[in-house]
Amino acid sequence: MPSSVRRLTMAVITNSLSLKHTLSLGCPQTKFLTRRPSSTSISFRRCYASYANENREYVIVGGGNAAGYAARTFVEHGVADGRLCIVTKEGVAPYERPALTKAYLFPPEKKPARLPGFHTCVGSGGERQTPEWYKEKGIEMLYEDPVENIDIEKQTLTTSSGKLLKYGSLIIATGCTSSRFPDKIGGNLSGVHYIRDVADADSLVSSLEKAKKVVVVGGGYIGMEIAAAAVAWKLDTTIIFPDDHFLQRLFTPSLARRYEELYQKNGVKILKGASIKNLEASSNGNGRVAAVKLEDGSTVEADTVIIGIGSKPAVGPFERVGLNTDVGGIQVDGQFRTNIPGIFAVGDVAAFPLKIYNRISRVEHVDHARRSAQHCVKALLSAQSSTYDYLPYFYSRVFEYEGSTRKVWWQFFGDNVGETVEIGNFDPKIATFWIESGKLKGVLVESGSPEEFKLLPELARRQPPIDKAKLQNASSVEEALDIARGSLQAAV
């Protein structure tokens, strides 16, 4: 058959299948298919017009990292054009969210990050997916209109503006929301900030431009990154948290001490083991925060307060899909399928089987957002049946602005369980190894080389037996990593 005839034949078949699918998605009641052609045409138009989205075969709810990487995967499989719709509460196309607590907060003279510079998927070396990219790929974007209700039986969604959306397959990628201070203790005062999206970051930057005294609440990732950014503005900065040391869920006390000393050298005051009673408003009646009052009765003056005390999965209207009561979020299997056929959940909101450690987990990290979205879409569109096999990975980069005396970048892979061995003095680098039952379970390296960072995931995934005493006697991070590399070879 000539190629032109084959193309024509395939076009007819494709259009026929597309029409059939649109009819089923556009109007579940198919009685009108038996009517006269004129009535069919009228009924189809009326039914089609009752839904606000033109692309209905696949719908993604959420506009963060996971949505951007899912969109790219749909495009790679050739099924995005005219078939994929993304509905998001944000006013911009998906972007690499980690920038918001890092370079986005730099002052103007320190070359801050700004959109469109960090739209997905530049964070992994991919194409920058601007709003124009979505148009070119035939992806329908519905901005600033969060989903507030789902009708599972009818396969419809209702947005805050009242739009009724139809879906064939649904991917929930709603991420998390910031944990907030209650209004009764000042959580809603002017000058109090939470960071989850670009609008939040813009509001904080506006405050930093006028700020003199900044208090950061929380000693985890968000708190540490924001406090480091505040240093670039040369502001009086205090970080307050109830734990014994920085990033208590990962750092050892010894490792945390090194970072705390670095922050103090940069002028950050640290109040650890402190509990906050309330945020106090200014006495002039303008409704702006003026101080942070601690449980011990002391106060810390502040005209800008940033709350970084964690987050919770943005389940929203999707409770009926099936929740996990242990780790939170929406329960899924190894291909991100929920209990409801045709509905999937990815990224921060998904409680999934962490295969390598045989437990259910929920991971709030950009790497997981990217990988889970890609795995889900591949499973949805192809014959892929492999279980998602994720290796926990965390990193942070701070003090990276121009003029900084020390840029910090650490990476961690694996599980922080068992005993620890720390090698190095932090200047210029340091490494921490977690060992359980004689096996290497996790490793963190600060200021490593590209080659050293590349070794870490292999060590964490293979979990080789390792000589703890030999590791403890290593004179440098380089020697310790050579010992770990040798343990891989010995385990073959």
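The values are calculated or read from the model by the stated rules, or taken from the named source; none is laboratory data. Quick caveat, the model's predicted, so the values are computed rather than measured. Please note: Cβ atoms are built from the backbone with ideal geometry, for glycine as well, and neighbour counts cover all protein chains shown. Remember, those area values only see protein heavy atoms, side chains included, never the ligands or the DNA or RNA. Shrake-Rupley method; radii C 1.70, N 1.55, O 1.52, S 1.80 Å.
Across region 435-492, which residue is modelled with the lowest pLDDT among those that are more than 20 Å from Asn425 (Cβ to Cβ) and assigned to a loop (DSSP other than H, G, I, E, B)?
Val492
Of Glu148, Glu127, which residue is open to solvent by 20 Å² or more (accessible area, probe 1.4 Å), in contact (Cβ under 8 Å) with a residue 12 or more places away in the chain, within 29 Å of Gly322 (Cβ to Cβ) and not in a helix (DSSP H, G or I)?
The conditions single out Glu148.
I'd like the full set of residues that are outside any helix (DSSP H, G or I) and open to solvent by less than 10 Å² (accessible area, probe 1.4 Å), limited to region 65-95.
Result: Ala80, Leu84, Cys85, Ile86, Val87, Thr88, Ala93, Pro94, Tyr95.
Tell me which of these Lys277 doesn't satisfy, since it passes every other one: (1) in contact with a Lys or Arg (Cβ under 8 Å, 6 or more places away or on another chain); (2) in a loop (DSSP other than H, G, I, E, B); (3) open to solvent by 60 Å² or more (accessible area, probe 1.4 Å).
For Lys277, the failing item is (2).
So the check is Cβ under 6 Å with 6+ separation or different chains; which pairs have a first residue in region 445-460 that's of a type outside the set (A, V, I, L, M, F, W, C) and a second one that's modelled with pLDDT under 95?
If the second residue must be modelled with pLDDT under 95, the pairs left are Ser447/Pro428.
Residue by residue through region 232-261, note down the ones that are touching a strand residue (DSSP E or B) at 6+ places or on another chain (Cβ under 9 Å), part of a helix (DSSP H, G or I) and open to solvent by 20 Å² or more (accessible area, probe 1.4 Å).
Answer for region 232-261, where residues must be touching a strand residue (DSSP E or B) at 6+ places or on another chain (Cβ under 9 Å), part of a helix (DSSP H, G or I) and open to solvent by 20 Å² or more (accessible area, probe 1.4 Å): Ser254, Arg258.
Could you tell me whether any residue of region 415-427 is assigned to a helix (DSSP H, G or I) and open to solvent by 10 Å² or more (accessible area, probe 1.4 Å)?
Scanning region 415-427, I find no residue that is assigned to a helix (DSSP H, G or I) and open to solvent by 10 Å² or more (accessible area, probe 1.4 Å), so the answer is no.
In region 321-331, what residues are open to solvent by less than 10 Å² (accessible area, probe 1.4 Å) and either closer than 15 Å to His368 by Cβ or in contact with a helix residue (DSSP H, G or I) (Cβ under 9 Å, 6 or more places away or on another chain) (or both)?
Result: Gly329, Ile330.
Determine which member of the set Ala383, Ala474 is open to solvent by 10 Å² or more (accessible area, probe 1.4 Å), among the aliphatic types (A, V, I, L, M) and in contact with a helix residue (DSSP H, G or I) (Cβ under 7 Å, 6 or more places away or on another chain).
Ala474
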